[in-house]
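K.L.:
I'd like to ask you about the structure that follows.
Quick note: the coordinates plus some simple rules give every number you see, no bench work behind them. What you are looking at is a predicted structure, and each value in this text was computed from that prediction instead of being measured. Ideal geometry is used to build each Cβ from the backbone, glycine not excepted, and the neighbour counts take in all protein chains shown.
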Amino acid sequence: MMTAMAPRRVSESEDGLTLAAFLRRERTGLTWSQAREMCRRGRVSVDGASTLDPATRLAAGQALEIREEPGSESIGKRLSIVFEDAHVVAIEKPAGISSVPYERGERGTAMALLRVALLRKVPVAPLYVVHRLDKDASGLLLFARTRAAERAVGSLFRRHEIERVYVAVVHGRMASRRIESELVRDRGDGLRGSSRVPGRGKRAVTHVTAVRALEGATLCRVRLETGKTHQIRIHLAEAGHPIVGERVYIRDFLASGKIPFASSRLLLHAETLAFLHPLTGERIRLRSPLPPDFDFDRYLRNGNGAKR
């Protein structure tokens with residue numbers, strides 16, 4: 001059975017909008033096709049009646065309900081809010097859930113599920129993207145709750161004034177080092193990666209600290225100085241030490257004849273977020289403990305971690 005969230009009244013400024021247009025305003029990042037699909041699946045009602053036509057025109061004062069699908073509801077129980085104020089909210093995202101609904105066909109994203117949780121407390125729960133985390137990674141993920149916070153926190157990220165520390169288990173014996181390169185969408189083999197031509201890509205800097213040597217692997221803490229798409233995964237793989245559980249940036253490692261360890265998930269976890277709150281002046285420092293499925297001793301000792 002679907003679960004209905006608190007009704008949302010159509011405002012005067014929204015009078016005359018189509019149902020699909022209203023849904024796209026209500027849910028940041030929702031595509032037109034996703035909005036139409038929500039209507040056709042019977043997930044939206046107006047004044048208590050299911051409305052399947054996404055072109056239905058709305059009138060000020062009407063009450064609109066969105067019913068969440070049971071799959072999304074069950075995943076939502078796994079999200080944990082670790083910090084919340086009037087401006088920002090931070091959660092612990094499990095591995096396997098996309099951060100935001102920008103991937104085609106993705107349902108139950110962290111952004112959508114967080115909005116569901118917030119709607120239980122307030123009738124309107126806007127969220128704005130300031131930060132992303134790979135679908136296969138777990139850990140701390142930050143959203144803004146107002147446009148002012150979106151601009152202010154986004155500026156902190158652009159100026160590299162937010163501390164971001166990850167924990168990773170990588171193949172092989174890796175030493176502490178600083179990695180800098182220019183990242184491009186296609187390094188020449190269809191994958192994102194570092195450009196060999198100066199000035200072609202975007203500057204990316206990653207600081208790696210080796211914490212513990214494991215059997216055939218290394219536990220590392222990784223600090224991002226910049227934050228480009230898949231930066232940590234690319235830099236570690238190009239350094240010859242892909243993350244255990246990596247399925248994309250591992251081609252060169254496999255070609256070398258080395259035998260990787262197996263893992264049911266990418267062993268990359270966003271452990272720390274720290275920043276000076278741009279709107280309150282409060283010093284925020286958040287830390288997420290490693291989840292149970294990030295037991296590197298178990299992965300790298302026997303069973304799942306045995307060499308093939």
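K.L.:
Counting other C-beta atoms within 10 Å, which of Asp189, Asp136, Asp293, Asp53 has the fewest, and how do the rest follow? Don't jump to the answer; show the numbers that get you there.
P.N.:
Values: Asp189 8, Asp136 19, Asp293 16, Asp53 13.
Going from least to most buried by this count: Asp189, Asp53, Asp293, Asp136.
K.L.:
Here is a follow-up. Short version: ³J(HN,Hα) in whole Hz for each residue of the stretch 233-242, in order, from phi by Karplus 6.51 cos²θ - 1.76 cosθ + 1.60 (θ = phi - 60°), x for Gly and Pro, what are they?
P.N.:
With coefficients 6.51, -1.76 and 1.60, one gets 4, 5, 4, 5, 5, 5, 7, x, 9, x Hz.
K.L.:
At R0 = 25 Å, how high is the FRET efficiency between Glu282 and Arg151 if r is their beta carbon distance? Nearest 0.05 is fine. Don't jump to the answer; show the numbers that get you there.
P.N.:
On the way: r = 18 Å, r/R0 = 0.72.
It comes out at approximately 0.90.
K.L.:
Take His131, His230 and order them by how many other Cβ atoms sit within 10 Å, fewest up front. It would help to have the intermediate numbers written out before the result.
P.N.:
Details: His131 22, His230 17.
Taking fewest neighbouring Cβ atoms as first place, the list is His230, His131.
K.L.:
Using unit Cβ charges (K, R positive; D, E negative) and no other charged atoms, how large, in debye to the nearest 20, is the dipole of the stretch 149-189 about its Cα centre?
P.N.:
Numbers: 9 positive and 7 negative charges, 26 e Å.
In debye, rounded to 20, the stretch 149-189 gives about 120.
K.L.:
I've got another one for you. For the stretch 159-232, rounded, prolate or oblate, judged on the Cα gyration tensor with a ≥ b ≥ c (square roots of eigenvalues), a/c < 1.5 rounded, else prolate if a/b > b/c?
P.N.:
On the way: a/c = 2.49, a/b = 1.48, b/c = 1.68.
Oblate.
K.L.:
Using the Karplus curve 6.51 cos²θ - 1.76 cosθ + 1.60 with θ = phi - 60°, work out ³J(HN,Hα) for each residue of the stretch 211-227 in order, rounded to whole Hz, and write x for Gly and Pro.
P.N.:
Couplings: 9, 7, 7, 10, 6, x, 8, 9, 7, 10, 10, 10, 10, 8, 8, 10, x Hz.
K.L.:
Within 10 Å of each residue's Cβ, count the other Cβ atoms and sort Ile81, Ile232 from fewest upward. Could the numbers behind the result be given before it?
P.N.:
On the way: Ile81 12, Ile232 27.
Least to most surrounded, the residues fall as Ile81, Ile232.
K.L.:
Quick one: net charge around Cys220, please, counting Lys, Arg +1 and Asp, Glu -1 for every other residue with C-beta under 12 Å from its C-beta.
P.N.:
Working: positive: Arg173, Arg177, Arg212, Arg221, Arg223; negative: Glu271.
Net local charge, Cys220 excluded: +4.
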